[in-house]
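For reference, the structure discussed in these notes is given below.
The values are calculated or read from the model by the stated rules, or taken from the named source; none is laboratory data. Quick caveat, the model's predicted, so the values are computed rather than measured. Cβ: placed from backbone, ideal geometry, glycine included. Neighbour counts: every protein chain shown. These area figures cover heavy atoms from the full protein model, side chains too; ligands, DNA and RNA do not enter into them. Shrake-Rupley method; radii C 1.70, N 1.55, O 1.52, S 1.80 Å.
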Amino acid sequence: MQILISGMRIFDGHDMIEAPRAVLIEDGRIAAIDVPASFEGFAGTVLDAAGDDLTLMPGMIDCHVHLTLGAEADPGTAQGKLSDAALALKALERAQKTLKAGIVAIRDCGGHNYVDIDVRDALNAGTFQGPEMRACGRMICMTGGHGNRSGIIADGRDEVIRAVRANIHKRADVIKLMATGGVMTPGVNPEDAHYTEAELAAGVAEAERFHRTTASHAQGAEGILNAVRAGVTSIEHGIFMNDECLREMLERGTFLVPTLSAVANILKNRDNGIPAFIIEKSERVYERHIRAFAMFYQAGGRIAMGTDAGTPFNQHGENPQELALMVEAGMRPLDALIAATSTAADLLRLEDHGRIEAGAIADLLIVEGNPAEDIAAAADPANHRLLLRRGQPAGASARPVIAL
Ligand SMILES: [Zn+2]
C-alpha cells in the first residue's frame, strides 16, 4: 500500500519544517520526503490536509517503562500476586495502551521473571499490535539494594558479571545496573551509592563484550558518578546530579532519562494509598530532581524521554505527559519533541525510528496544532488525530484525519 501525506507542517525528528513537503509511505517505510510537486500524478491513497492546522511527526519513544508494573498505589505488591502468565497478558495490554498514546517504541527498564522478554518477542514479531520493544530482563542489584524484589542480587565483580551473562542468556537487549538506592524500595536511601565503580565497570564491560547497551538507575551524586565513570550508556533519573557528574556526562556523551512523571504522579496522588515511605522519599527528591534536569538541559546534555510508567499512578498510555513536564521544567517544546523522537531512538539504537527521512519506518503521528509552540499538541493524546504503525493505521481518534 502506498500513502502520500501532504499539506501539513512536518517535525522530522530534528526541526520543524514549515515549507510544504509531502511524505510517501510504501510497504511500511518512508519512501521519500520532497516538495509536493515532485509527486504529481501519484495514483495511490492521498492524505492531503491543506487548510487544517496539523503536524506530522515521528511516533514518540519512551526509554523507561515497566510493563510488569501496573501503576497501582503499591505496584510491587500488586505484581507479586500475579502468576507469570497473568503478568504477561497484563504487560501486553499495557504495551497496547502505550501504543494508542502515540508511543511507537519502548524500553522496558526491568521486568519480572523475564516475562518482558517474551512480550518483546511477540510485539517485535508483529504477532500482536504494539510498540517496538527493547527489554532489560531482570535488573541487577546488590544485596539489600534497590530493586531486590524482581532483580538479580549480585555482589562483587564476579557475581555482577555472572548476572549480566544470565540476562544475556535470556536475550535481554539492555543491561540495567542499580547504582544507588531509590524511592520504591523500603529501607534504602536514594542519596546512597550502592554498587561501587568497580562493580559497575565490570558489568558494563561484560555487557559491551556482547554488544549490549547499559542503563543505570542512579539518583545520588556519588552513584551517578560511579555509573558514568563505569561507562554506562544512560543515567536513569539523575536526581542529585552535581557539577562533577554533569561535566563527566557531557564529556562522555552519557544520556539522561529523567522520568519526571514518576515523582510527579506520586505527589499528585499522595492521598490515594501509596505507601508512606514512597511519599516521604518523593517529597525529599522532587525539587532537586527538577533542578538536575534543568541544569543538564541548559548545559546541552543528551536527554532521552522516559517516564518510569508502571510506578504509582504513572499509567501506561499516559506516557506523553512527560513532554509537558519537561517543558514545565524549562525545556523548549521543540527540544522535548527531539528528546522523545530522534534522541530516544539514538539511545535505543533504533536508527530507523524517531525521524522522518527516506528509509525510516513509517511509525508516524499526526497531531492537531503545532507542538513546537504548544507541547500539548503532542503531550495530550486528545490532540492526536492519526497514528500509523509500520504504515498502517494503529490509533483510534475521535476525529480521524481520514478513513484509511
Ligand atoms: Zn524504573
* Return the only residue of ALA154, ALA179, ALA172 being within 25 Å of ARG288 (Cα to Cα), open to solvent by less than 40 Å² (accessible area, probe 1.4 Å) and modelled with pLDDT of 95 or more. => ALA179
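For region 104-123, what are the residues that are in a strand (DSSP E or B) and either open to solvent by 10 Å² or more (accessible area, probe 1.4 Å) or within 16 Å of the ligand (Cβ to nearest atom) (or both)?
Listed by number, the residues that qualify are ILE106, ARG107, ASP108.
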* With respect to ALA78, determine if the residue is open to solvent by less than 60 Å² (accessible area, probe 1.4 Å) and within 16 Å of the ligand (Cβ to nearest atom). => yes
* Asked: Of all residues in region 293-334, which are more than 16 Å from the ligand (Cβ to nearest atom) and of a type in the set (Gly, Ala, Ser)?
  -> ALA294, ALA299, GLY300, GLY301, GLY317, ALA324, ALA329, GLY330
* **Test for ALA345: is it open to solvent by less than 40 Å² (accessible area, probe 1.4 Å), in contact with a His (Cβ under 9 Å, 6 or more places away or on another chain) and at pLDDT 95 or above** => yes
* Taking GLU93 and the conditions (1) modelled with pLDDT of 95 or more; (2) open to solvent by less than 10 Å² (accessible area, probe 1.4 Å), which numbered condition does it fall short on, given that it satisfies the others? -> (2)
* **Residue within region 258-268 that is touching a Phe, Trp or Tyr at 6+ places or on another chain (Cβ under 8 Å) and surrounded by fewer than 18 Cβ atoms within 10 Å (Cβ to Cβ) present** => yes
* Asked: Cβ-Cβ below 7 Å, separation at least six or inter-chain, first residue in region 325-354 and in contact (Cβ under 8 Å) with a residue 60 or more places away in the chain, second of a type in the set (S, T, N, Q) and open to solvent by less than 10 Å² (accessible area, probe 1.4 Å): which pairs?
  -> LEU325/SER261; LEU347/SER234; GLY354/THR341; GLY354/SER342
* To do: Determine if region 200-217 includes at least one residue that is more than 13 Å from the ligand (Cβ to nearest atom), within 22 Å of the chain's Cα centre (by Cα), assigned by TED's automatic domain parsing to the domain that holds GLU328 and acidic (Asp, Glu).
  => yes
* Any residue in region 188-203 that's under 18 Å from GLU159 (Cα atoms): show its pairings with residues that are open to solvent by 60 Å² or more (accessible area, probe 1.4 Å) and among the basic types (Lys, Arg) at Cβ separation under 7 Å, as long as the two are six or more apart or on different chains. => GLU197/ARG229; ALA198/ARG157; GLU199/ARG157; ALA202/ARG157
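So which of ILE278, ILE290, ILE235 is surrounded by fewer than 24 Cβ atoms within 10 Å (Cβ to Cβ), outside any loop (DSSP other than H, G, I, E, B), within 16 Å of the ligand (Cβ to nearest atom) and assigned by TED's automatic domain parsing to the domain that holds ALA336?
Numbers: ILE290 fails: within 16 Å of the ligand (Cβ to nearest atom); ILE235 fails: surrounded by fewer than 24 Cβ atoms within 10 Å (Cβ to Cβ).
Testing whether each residue is surrounded by fewer than 24 Cβ atoms within 10 Å (Cβ to Cβ), outside any loop (DSSP other than H, G, I, E, B), within 16 Å of the ligand (Cβ to nearest atom) and assigned by TED's automatic domain parsing to the domain that holds ALA336 leaves just ILE278.
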* Across region 124-137, what is the number of residues that are buried (at least 24 other Cβ atoms within 10 Å of the Cβ) and either assigned to a loop (DSSP other than H, G, I, E, B) or of a type in the set (S, T, N, Q) (or both)? -> 4
* Within region 65-77, which residues are more than 14 Å from GLN315 (Cα to Cα) and modelled with pLDDT of 95 or more? -> none
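Can you tell me how many residues in region 4-43 are under 28 Å from the mean Cα position of the chain (by Cα) and of a type outside the set (Lys, Arg)?
Quick first cut of region 4-43, residues under 28 Å from the mean Cα position of the chain (by Cα) only: 5, 8-18, 23-33.
Those still in the list that are of a type outside the set (Lys, Arg) too: 5, 8, 10-18, 23-28, 30-33.
Result for region 4-43: 21.
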* Asked: Which one of ILE140, ILE175 is out of contact with any Leu (no Cβ under 7 Å at 6 or more places or on another chain), in contact (Cβ under 8 Å) with a residue 24 or more places away in the chain and β-branched (Val, Ile, Thr)?
  -> ILE175
* To do: Report, by residue number, each residue of region 326-342 that is hydrophobic (A, V, I, L, M, F, W, C) and in contact with a His (Cβ under 7 Å, 6 or more places away or on another chain).
  => ILE338
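Quick check: is even one residue across region 44-52 within 16 Å of the ligand (Cβ to nearest atom), under 30 Å from the mean Cα position of the chain (by Cα) and surrounded by fewer than 23 Cβ atoms within 10 Å (Cβ to Cβ)? Reasoning before the result, please.
Initial filter on region 44-52 (within 16 Å of the ligand (Cβ to nearest atom)): none.
Within region 44-52, not a single residue is within 16 Å of the ligand (Cβ to nearest atom), under 30 Å from the mean Cα position of the chain (by Cα) and surrounded by fewer than 23 Cβ atoms within 10 Å (Cβ to Cβ).
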